[in-house]
Amino acid sequence: MQYLLMDIHHRFVGTFHSTTALAIGDTLQADSTQNYAVIGIDWEGQNREFRHSVTVIPTSKSATAISGL
């Protein structure tokens, strides 16, 4: 699945590709070594090219659920 990463102000942060579905509470790590926690998922884009919007916040917690951006 392809995800669009957005911050809490709805600004584009990046994209993320995962073979598994993200869930609220998951963490991921960007190439810049910045870790993000998923705090919201907008599934409206599910039928539009398989893109979903994910709201993330920066976190110091290491990415354990999914890594790579």
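Computed values, structure above
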quantity	calculated
Ordering of 20-28, 8-16 by burial proxy (mean other Cβ atoms within 10 Å per residue, highest first)	20-28, 8-16
Rounded to whole Hz, the Karplus (6.51, -1.76, 1.60) HN-Hα couplings of the stretch 12-25, x for glycine and proline	5, 9, x, 10, 8, 10, 9, 7, 10, 6, 7, 9, 4, x
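Values in this text are rule-based calculations from the coordinates and carry no lab data. Remember, it's a predicted structure, so these values are computed and weren't measured experimentally. Please note: Cβ atoms are built from the backbone with ideal geometry, for glycine as well, and neighbour counts cover all protein chains shown.
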